[in-house]
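Contents: one structure, followed by commentary.
The values are calculated or read from the model by the stated rules, or taken from the named source; none is laboratory data. Every value quoted in this text rests on a predicted model; they were computed, and no experiment measured them. Cβ: placed from backbone, ideal geometry, glycine included. Neighbour counts: every protein chain shown.
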Ligand SMILES: C[S@@+](CC[C@H](N)C(=O)[O-])C[C@H]1O[C@@H](n2cnc3c(N)ncnc32)[C@H](O)[C@@H]1O
């Protein structure tokens, strides 16, 4: 099937998506945008991209649906185990010192997709924090479909690979066709719609996980997002980005931390 996106439509749509989300479509992934737009037109029973565009600029809900359709939501439990080793051996021991007055830790999983990342964090904190300590995980994404899966907390057998057996028996209920996250973990997480294009209003956080999200942004959108993370974090806090992502050359105030387990970033002041 030939492409139906003309060069000028491609520019128009890619600018709209970029302005609204920071997601950058390069010429190499133009065909993805082409097929997502075809699907939207089919669903809306529309003939032309111009008609659809005039709907999008008026209708915020349809814009959310389009943005959701162009995101990549691939994720898994304990993705990049090295980060969770660093949380166990470095970050949590540090936070136990930093937060000894409050005895409460707040973590944000920004771009949480279908919930595997925030649930992994929550299970790990449940294991690691001593009695008398509490935690909260904020989990946000712009994909409403993904957030619904996260809120539900039900995963078919194929999606729970990587979850250690002891976590599986402790924190999940076995169902006929999959596994349901237990309420004791679910209640520690707040799933919320949030577009990283905007300030979340979060302040004084101890850790931000934003992994495999910045990769879809161009440099300007990455930098703006990282600056908002700086504002959202407390003095003495930590930032984890994806394995293939880096703040190198971005001129930010974050310090690079290299530990035996993983590399990540730190806000010292
Ligand atoms: C590949 S998934 C990564 C999920 C998880 N962090 C991980 O590393 O496994 C990327 C997620 O980022 C979300 N995303 C992309 N652009 C976003 C934006 N502007 N605001 C919020 N979430 C965004 C997508 O909807 C998607 O769920």
Q) Residues in segment 228-239: is at least one at positive phi, crowded, with 16+ Cβ neighbours inside 10 Å and not assigned by TED's automatic domain parsing to the domain that holds residue 19? A) no
**Q.** Qualifying positions in segment 40-63 - assigned to a helix (DSSP H, G or I) and touching a helix residue (DSSP H, G or I) at 6+ places or on another chain (Cβ under 7 Å)
**A.** 40, 41, 44, 49, 52, 53, 55, 56, 62, 63
Q: Check 100, 161, 124 and return the single one that is modelled with pLDDT of 95 or more and not in a helix (DSSP H, G or I).
A: 100
Q: Restricting attention to segment 221-257, report how many residues are more than 11 Å from the ligand (Cβ to nearest atom) and either assigned to a loop (DSSP other than H, G, I, E, B) or modelled with pLDDT under 95 (or both).
A: 9
**Q.** Selection status of residue 169, assigned by TED's automatic domain parsing to the domain that holds residue 91, within 16 Å of the ligand (Cβ to nearest atom), more than 30 Å from residue 61 (Cα to Cα) and surrounded by fewer than 18 Cβ atoms within 10 Å (Cβ to Cβ)
**A.** no
Q: Run down 57, 17, 23, 65 and say which single residue is over 30 Å from residue 162 (Cα atoms) and in contact with a strand residue (DSSP E or B) (Cβ under 8 Å, 6 or more places away or on another chain).
A: 17
Q) Is it the case that residue 31 is surrounded by fewer than 16 Cβ atoms within 10 Å (Cβ to Cβ), in a helix (DSSP H, G or I) and either at pLDDT below 95 or touching a helix residue (DSSP H, G or I) at 6+ places or on another chain (Cβ under 6 Å) (or both)? A) yes
(Q) Consider segment 69-88. How many of its residues are within 16 Å of residue 122 (Cα to Cα) and over 17 Å from the mean Cα position of the chain (by Cα)? (A) 4
Q. Out of the residues in segment 57-68 that are surrounded by 14 or more Cβ atoms within 10 Å (Cβ to Cβ) and either within 22 Å of residue 156 (Cβ to Cβ) or more than 16 Å from the ligand (Cβ to nearest atom) (or both), which is nearest to the chain's Cα centre (by Cα)?
A. 68
Q.
Scan segment 194-215 and tell me whether some residue there is in contact (Cβ under 8 Å) with a residue 12 or more places away in the chain and assigned to a helix (DSSP H, G or I).
A. yes
Q. Restricting segment 180-193 to residues that are exposed (fewer than 13 other Cβ atoms within 10 Å of the Cβ) and not in a strand (DSSP E or B), which is nearest to the chain's Cα centre (by Cα)?
A. 187
